[in-house]
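A short write-up of the structure that comes next.
Read the figures in this text as sums done on the coordinates, not as results from a lab. Bear in mind the structure is a predicted one, so any value in this text is a computation, not a measurement. Don't worry about glycine lacking a Cβ; one is built from the backbone with ideal geometry, like all the others, and counts go over all protein chains shown.
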């Protein structure tokens, strides 16, 4: 089992040259993949839309034993990409503190609560 899983969103907005024309998305992915490949116990997965489009490009780091993943928003330039690389190389959340460039900018994603309306009282329950 991996000690650190790095998920790089490449959904509708993340990795989009239409939304972020000044970012070399392929080069960024190559850099993050190289950081994960050179870090024992780390793996990188490219995933579809994670639903944080207003924060794109999003990178999620999840260390084994961490109960929640740490989300890094707006990874769009060399400085933030380098900071994520550094954190990967240091073992990520649960092993090391975030690099200074990321302090105060990461967040824990919280899935929306079930918003299904209550069942009408005049409808019988199924057995």
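Figures for the structure shown
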item: Efficiency of FRET between residue 96 and residue 30 - r from beta-carbon atoms, R0 22 angstrom, step 0.05; result: 0.45
item: Extension gain, residue 82 back to residue 37 (0.36 nm per residue minus Cα-Cα distance, nm); result: 14.7 nm
item: Mean separation of Cα contacts under 8 Å, 6 or more apart, over the residue count of region 4-102: relative contact order %; result: 32 percent
